Amino acid sequence: MAKISINIKEGKVAQEADLIIGIDLGTTNSLVAVMENGHPKAVKGKDGKNTLVPSIIHFSTATDVLIGDDAKEKLVSDPQNTIYSVKRLMGKSYHDIESFEKYFGYKIIDEDQDSLVKIRVKDKFYSPIELSGMILKALKHRIEQSIGKPVSKAVITVPAYFNDAQRQATRDAGKLAGLDVLRIVNEPTAASLAYGIGIAPEAAQKIAVYDLGGGTFDISILQIQDGIFEVLSTNGNTFLGGDDIDRAIIDYWLEINNLDDSVLSDDKNLSQELRLLAEEAKKMVSLSQNSFKRKLKFFNCQISPEKLNELVLSIAKQTIDCCKQALKDAGLSTADIDHVIMVGGSTRIPLIKKVVSDFFQKEVHDKLDPDEVVALGAAVQADILAGNQKDILLLDITPLSLGIETIGGLMDTIIPRNSKVPAKAGRQYTTSVDGQTNLKVSVFQGERDLVQHNRKLGEFILRGIPPMPAGIPKIEIHFILDADGILTVKAKELRSGVEQKIEIRSQYGLSEEEMAMMLLDSIEHAQSDMDTRALLEARNEANNIILSSDKFLEQNKEILSEEEIKTILEYVDHLKTAVKGENKDLINKTMDELNVYTTPLAHRALDHNIADSLKGKKVDG
Ligand code: AMP
């Protein structure tokens, strides 16, 4: 096991420590921070003004890409090619986001409900990982310009509720940006560290982190003991924030001007101008407690502090309901909470602070900039990892990722590099062929996307799976890594109960230099690895779609016209040709076209089947 730092009681390490940067990769804005003279500091752009980088990407051509403030300006003028809120898509399948797909102004596609979403910009397809990688690259560039030297190591924050797939996606995005992601840290943990809470070992403390941004609300209840943060519960609303206050102000203005919202849908520019004015009014009135009065074309835009308070209160109440639920889930009451930390731009509103403080019956921590606090905490965590903070004992971690081979020779990481040891993780798999009774489990170590570039640790065969159609068996693979670096891999088919396991010494025969080389290699090849993975995944998805199209044709012959059958077969033929090639965008585009064509036909088939079964019922009855 590699110790990544030592407890240094006396002074500093001899050589200059590596600079590790802290990054808050946010839904709306992102920031990068570093330690400067013992204090975390968010880094400003070239113009020396803003620390926030809007998490927005604009493509004018496939290669001409703008990120941040410049891209934000295109949100209104070129929405189809301007990507925002990509964090909401990280590690998500189309199935996960179906309910809020309309929220996005750009095209999200996926033919297979269960595979990860892709974003279509013109004729190119991007994964959320690639897009987040672009934002991270811009942040890396910003800090390199500011300090005048290259950086390659980072700590990146994620919401406490992010699952393994979302965390892995964030790591991969970092790798694409040329960053070795030393740690993925929960945002509420980072916020606590920024306030210095949890750094010194002391008695267990319980912390509530209240994070109200522009579009999302999160409450996290943490417990800290001996420098270890544990998330006791999380709650929130992924569509609640300052934007809702702005919208409520606009609704109020419509009301006092006796207008309905058709004036907004008819005039997109007016609606954008009103949105900006409402935000300005909110900020001004909430801070000064004076009335706001302005005229915008035929609109009389005014709001008193009392009215604003009424609107804010309705949002605040909803957040308090989430806090109550989070406390309940953690089995705590407000009296158990030692600290309340405020995060997110909307916590600047004094009424929000008051409501939260009254609820928890405690003063809230609000001295740091609520937009920067998470990035500042990430920089503190980075500093701890660099071994610059005295008296902090770091835990053992896994130096390389551990995973198994999946279809197409891809590496599927189960325990990511830098996980704390002992570690336990598992994932469910299934078969890819009808009637498959054996499954080979090959275990690999390393950071590359294709197993052929990683190190094979061992393999075994799970035998005796009862024959079932492909996709039906549920095979759970568990990795357990103990403190001595012994990895136990267990595979179990849940329907039949058959199981098999092996034990492997994960570090056996691997020197520090070899590990460092494997790591460097993965960063160097991140882009080509990602391209290969995307191609293999697109092929895989296309093959599934070819199979399901054949099945669809077979089962619905009688309700399709000859013309429709012919067209589907043509599309399938195009797809078969595309699959043989190397162009993943072409495969995706052909799948998209086939999907657009067959969706209404599938609905027709469904209606037909329902009608049939209803008829059947009547006969039975
Ligand atoms: P975040 O997503 O954390 O960057 O938060 C952005 C939200 O904070 C937006 O809805 C802003 O309008 C809001 N915000 C920023 N500053 C203030 C302020 N002084 N008063 C009220 N809301 C603010």
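The values are calculated or read from the model by the stated rules, or taken from the named source; none is laboratory data. All values derive from a computational prediction rather than experimental measurement. Cβ: placed from backbone, ideal geometry, glycine included. Neighbour counts: every protein chain shown. Please note that ligands, DNA and RNA were not included when accessible areas were found on the heavy atoms of the full protein model with its side chains. Shrake-Rupley method; radii C 1.70, N 1.55, O 1.52, S 1.80 Å.
The residues of segment 123-154 that are under 26 Å from Leu193 (Cβ atoms) and in a strand (DSSP E or B), listed by number, are Lys153, Ala154.
Quick check on my filter: what residues within segment 86-102 are open to solvent by 10 Å² or more (accessible area, probe 1.4 Å) and in contact (Cβ under 8 Å) with a residue 40 or more places away in the chain? First the steps, then the outcome.
Going through segment 86-102, the residues open to solvent by 10 Å² or more (accessible area, probe 1.4 Å) turn out to be 87-88, 91-96, 98-102.
Matches in segment 86-102: Lys87, Arg88, Gly91, Lys92, Phe100.
Here Arg533, Arg505, Arg495 are screened, and the one residue that is open to solvent by less than 60 Å² (accessible area, probe 1.4 Å) and of a type in the set (Lys, Arg) is Arg533. Of note, Ile414 does not satisfy the criterion of being in contact with a helix residue (DSSP H, G or I) (Cβ under 9 Å, 6 or more places away or on another chain) and at pLDDT below 90. Got a number for residues in segment 72-104 being in a helix (DSSP H, G or I) and within 16 Å of the ligand (Cβ to nearest atom)? Of the residues in that region, 6 qualify. Close Cβ contacts (under 9 Å, 6 or more residues apart or on different chains) running from residues in segment 19-47 that are under 15 Å from Ala138 (Cα atoms) and basic (Lys, Arg) to residues that are outside any strand (DSSP E or B) and away from the ligand (no atom under 16 Å from the Cβ) comprise Lys44/Arg142; Lys44/Ser146; Lys46/Arg142; Lys46/Gln145; Lys46/Ser146. Considering Leu311, Leu276, the condition of being within 16 Å of the ligand (Cβ to nearest atom) and open to solvent by less than 60 Å² (accessible area, probe 1.4 Å) is satisfied by Leu311 alone. Among the residues of segment 386-399, is any touching a helix residue (DSSP H, G or I) at 6+ places or on another chain (Cβ under 9 Å) and of a type in the set (Val, Ile, Thr)? Within segment 386-399, one or more residues are touching a helix residue (DSSP H, G or I) at 6+ places or on another chain (Cβ under 9 Å) and of a type in the set (Val, Ile, Thr).
The number of residues in segment 439-471 being at pLDDT below 90 and among the β-branched types (Val, Ile, Thr) comes to 0.
Candidates are the residues of segment 472-492 that are loosely packed, with under 15 Cβ neighbours inside 10 Å and among the aliphatic types (A, V, I, L, M); the one that is modelled with the highest pLDDT is Ile472. Residues in segment 132-171 that are over 28 Å from Ile414 (Cα atoms) and among the aromatic types (Phe, Trp, Tyr): there are none. Exactly one of (1) in contact (Cβ under 8 Å) with a residue 24 or more places away in the chain; (2) within 32 Å of the chain's Cα centre (by Cα); (3) open to solvent by less than 40 Å² (accessible area, probe 1.4 Å) is unmet by Ile559. Its number? Looking at each condition in turn, Ile559 falls short on (2). Scanning segment 23-43 for residues that are more than 17 Å from the chain's Cα centre (by Cα) and either more than 16 Å from the ligand (Cβ to nearest atom) or under 13 Å from Pro370 (Cβ atoms) (or both) yields Val34, Met35, Glu36, Asn37, Gly38, His39, Pro40, Lys41, Ala42, Val43. Going by the structure shown, is Asp321 in contact (Cβ under 8 Å) with a residue 24 or more places away in the chain, open to solvent by 70 Å² or more (accessible area, probe 1.4 Å) and part of a helix (DSSP H, G or I)? No; evaluated as a whole, the condition is false for this residue.
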